[in-house]
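Visitor: This structure is in structure tokens; I'll ask about it shortly.
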Amino acid sequence: MARPGNSGSRADSIAFAICAGLAFLIALLPTHLQHSLASSFRGSVLAPLVALEGHSERLRNAIRSYGRATATIDSLTLRVLELEDLRLENERLRHLLGLGPRLGWGFVAAEVLGHGAVSDRHSVVLTVGARSGVARGSVVVTPEGIVGVVTDVEDRTSVAMLWSHPDFRASAMAGDGAIFGIVQPHLGSGAGRYLLELRGAPYRTVLPAGTLLRTSGLGGVFPRGVPIGTVIAELKSYEGWARSYLVRPSVTPAQLDGVMVLLRPRAADDLSAVWGARDSLAASDAGKTSVVPGAANDIREGQRVDSLSNGRNGLPFGRS
């Protein structure tokens with residue numbers, strides 16, 4: 001019994017012999033007959049193979065062109081994103097530079113290097129220190145308002161506690177100076193963690209949403225008139241003698257890159273004119289926007305944030 005492999009080999013040998021014989025016969029033909037036969041062969045048997053090769057070549061070129069176009073689009077997209085980030089950074093730096101002439105004196109500009117510790121998201125390291133006149137208790141601001149207060153000072157660097165730190169406190173007043181209270185971190189969950197709340201406001205007066213809160217200057221730490229944030233809504237209180245409000249801060253910690261550090265002699269000044277009516281209107285419009293989703297439950301359910309424990313009284317200059 002013949003094996004299939006032997007049959008295949010025999011068939012290949014026969015086919016090879018036939019092709020060799022045909023090639024030999026064609027080689028014996030006159031030249032003009034060879035050309036005529038070759039032309040007919042290309043136009044009939046080889047035509048689909050030639051067309052397929054051309055189609056494959058066009059497909060390869062199209063794939064290469066698509067790859068180059070995709071790479072170009074991706075590169076342009078990244079460039080646009082970089083330019084947008086650069087534009088926003090330049091805009092913030094222009095605002096920061098514009099704050100200097102309004103302050104006039106008693107301040108130093110600083111760059112934010114990063115967080116004070118790996119696990120601490122509520123303090124930042126600044127590029128100025130004791131050599132620049134920065135001292136413990138110096139107030140940190142931006143053109144938008146309060147950032148925090150310096151807690152530790154080295155020769156060339158310092159650490160500032162942000163307003164989101166659990167120990168942060170500031171005496172605040174409504175824009176017209178008729179209502180006072182204490183501003184502290186909201187300590188909510190989710191997005192609500194990065195809100196503030198005003199406590200101890202007089203019960204007889206209601207602050208409408210969009211009311212601008214500024215530092216009152218009481219306590220001698222924060223100068224008077226620096227924006228803190230805008231009222232979002234009232235928080236339900238069970239005290240009966242005071243009201244509490246949820247406040248949207250004027251400064252977003254995630255966007256900090258450059259700041260101004262006010263030297264200690266400026267703590268007694270009234271800086272209301274530095275952050276004038278234009279900033280008040282902008283803050284008022286920001287306060288009228290929708291409530292942060294993470295804080296909505298605090299308003300609907302009237303959740304009252306408990307007072308900090310006695311073991312967390314904060315630093316002496318954290319309350320003003």
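Visitor: Hey, could you check the stretch 40-70 for residues that are open to solvent by 60 Å² or more (accessible area, probe 1.4 Å) and farther than 30 Å from Ile26 by Cβ and say which is modelled with the highest pLDDT?
Guide: Within the stretch 40-70, the match that is modelled with the highest pLDDT is Ile63.
Visitor: Identify all residues within the stretch 191-227 that are open to solvent by 10 Å² or more (accessible area, probe 1.4 Å), modelled with pLDDT of 90 or more and under 24 Å from the mean Cα position of the chain (by Cα); write none if there are none.
Guide: Hits for the stretch 191-227: nothing passes.
Visitor: On the given criteria, is Arg199 farther than 30 Å from Leu97 by Cα, basic (Lys, Arg), assigned to a loop (DSSP other than H, G, I, E, B) and out of contact with any helix residue (DSSP H, G or I) (no Cβ under 8 Å at 6 or more places or on another chain)?
Guide: no
Visitor: Same structure again: Which ones in the stretch 150-164 are surrounded by 22 or more Cβ atoms within 10 Å (Cβ to Cβ) and touching a Ser or Thr at 6+ places or on another chain (Cβ under 7 Å)?
Guide: Those that are surrounded by 22 or more Cβ atoms within 10 Å (Cβ to Cβ) and touching a Ser or Thr at 6+ places or on another chain (Cβ under 7 Å): Val150, Ala160, Met161, Leu162.
Visitor: Anything in the stretch 237-250 that is touching a helix residue (DSSP H, G or I) at 6+ places or on another chain (Cβ under 8 Å), over 16 Å from Val139 (Cβ atoms) and open to solvent by 10 Å² or more (accessible area, probe 1.4 Å)? List them, or say none.
Guide: Arg248
Visitor: Can you report the number of residues in the stretch 251-274 which are in a helix (DSSP H, G or I), open to solvent by 50 Å² or more (accessible area, probe 1.4 Å) and of a type in the set (Gly, Ala, Ser)?
Guide: 2
The values are calculated or read from the model by the stated rules, or taken from the named source; none is laboratory data. Remember, it's a predicted structure, so these values are computed and weren't measured experimentally. Virtual Cβ from ideal backbone geometry, glycine too; neighbours counted across all protein chains shown. Areas reflect the complete protein model, heavy atoms only, side chains present, ligands, DNA and RNA absent. Shrake-Rupley method; radii C 1.70, N 1.55, O 1.52, S 1.80 Å.
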